[in-house]
Amino acid sequence: MAGGMQALARLIYPPACVSCGALVENDFALCPACWPEAHMISGLVCDVCGLPLPGEEPEGVAVQCDACLAAPRPWVRGRSVLLYRDIGARLAVAFKAYDRAELARPFGAWMARAAAPLEPEGALVVPVPLHWRRLWARRYNQAALLAQAVGRELGLQVAPDALTRPAPTAKLEGLGRAAREGVLAGAISPHPCRAAPVRGRRVLLVDDVLTTGATLAASSTALLAAGATEVCTLTLARTAKDA
């Protein structure tokens, strides 16, 4: 009965490209025209921030980019699914700012696959928090939707409110890494009542876009202060250059 209903649903609503809506063979896929413009990240990447690097991936050797070597991050490893450009950027913006919350499901599946090198088994999934005013204006926290989707895909516990952003911060657009870190200093903290699950756990920290890593750094620092043993980061997209 359930199989018949699923077949009927596929006849009525056939799989469509998550970017342009063209028909595709599988759910949550990109069509052949959109795939190259999504800039999915593969090959050699920085083991800490997920930045694509030139060269071939060495066997069993973790590689770091110049930025992570020069200024170590508070998290240990990180991965992103796609570059924040062309279709990748349009998908991330649509999800974040244009009420495309349904994209959390395919994005969560993509992110779960990208998380494999982080060895996420047994980790606690925690999203980057939003200040309540921004949450009220947007109606949802895009990082929390991604965290829930990743948690479902990987069978991991999710702590959606482990972190809090008690005060609003200035807009970060156009700022470099140092300036962003200055704005975010102390802006993210463990939730006074809901951070207990973090203690003694490995944490998989989830956000939508990595630009300089300042937000992930502030969130990682708060998680370590709450007792996390280590933090890995997982984002949907990242800019091609770190600054």
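The values are calculated or read from the model by the stated rules, or taken from the named source; none is laboratory data. Since this is a predicted model, take the numbers as computed values, not measurements. Here the Cβ positions follow ideal geometry from the backbone for every residue, glycine too, while neighbour counts run over all protein chains shown. Protein only, heavy atoms only, side chains kept; ligands, DNA and RNA dropped before computing areas. Shrake-Rupley method; radii C 1.70, N 1.55, O 1.52, S 1.80 Å.
Taking the residues in segment 32-75 that are open to solvent by less than 60 Å² (accessible area, probe 1.4 Å) and β-branched (Val, Ile, Thr) as candidates, determine which candidate is nearest to Arg113 (Cα to Cα).
Taking the candidates together, the pick is Ile41.
Collect the residues in segment 198-225 that are open to solvent by 10 Å² or more (accessible area, probe 1.4 Å) and outside any loop (DSSP other than H, G, I, E, B), keeping them in residue-number order.
Listed by number, the residues that qualify are Arg202, Asp207, Val209, Thr215, Ala217, Ala218, Thr221, Leu224, Ala225.
Search segment 190-214 for residues being over 25 Å from Gly122 (Cβ atoms) and within 20 Å of the chain's Cα centre (by Cα), and hand back the single one that is modelled with the highest pLDDT.
Among them, the one singled out is Val209.
Residue-wise test of (1) closer than 15 Å to Gln148 by Cα; (2) touching a Phe, Trp or Tyr at 6+ places or on another chain (Cβ under 9 Å).
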| residue | (1), (2) |
| --- | --- |
| Gly78 | no, no |
| Ile87 | no, yes |
| Leu91 | no, yes |
| Asp99 | no, yes |
| Pro106 | yes, yes |
| Ala115 | yes, no |
| Glu119 | no, no |
| Ala123 | yes, no |
| Pro127 | yes, no |
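Assess whether Arg113 counts as being open to solvent by 10 Å² or more (accessible area, probe 1.4 Å), out of contact with any helix residue (DSSP H, G or I) (no Cβ under 6 Å at 6 or more places or on another chain) and over 24 Å from Arg177 (Cα atoms). It would help to see each step written out before you state the result.
Details: open to solvent by 10 Å² or more (accessible area, probe 1.4 Å): yes; out of contact with any helix residue (DSSP H, G or I) (no Cβ under 6 Å at 6 or more places or on another chain): yes; over 24 Å from Arg177 (Cα atoms): yes.
So Arg113 fits the description; yes.
Tell me the residue from Ala9, Ala29 that is open to solvent by less than 80 Å² (accessible area, probe 1.4 Å), at pLDDT below 90 and not in a loop (DSSP other than H, G, I, E, B), please.
Details: Ala29 fails: not in a loop (DSSP other than H, G, I, E, B).
Criteria check complete, one pass: Ala9.
Among (1) surrounded by fewer than 22 Cβ atoms within 10 Å (Cβ to Cβ); (2) modelled with pLDDT of 95 or more; (3) over 18 Å from Ala144 (Cα atoms), there is one condition Ala228 misses while meeting the rest; what is its number?
(1)
From the list Ala101, Ala143, Ala187, Ala195, which one is surrounded by fewer than 18 Cβ atoms within 10 Å (Cβ to Cβ), among the aliphatic types (A, V, I, L, M) and on the phi < 0 side of the Ramachandran plot?
Exactly one of Ala101, Ala143, Ala187, Ala195 is surrounded by fewer than 18 Cβ atoms within 10 Å (Cβ to Cβ), among the aliphatic types (A, V, I, L, M) and on the phi < 0 side of the Ramachandran plot, namely Ala101.
Pairs only if they're at least six apart or on different chains, beta carbon under 8 angstrom, first in segment 115-141 and farther than 20 Å from Pro197 by Cα, second outside any helix (DSSP H, G or I) and of a type in the set (Asp, Glu); list them, first residue then second.
Pro117/Asp47; Arg139/Asp99
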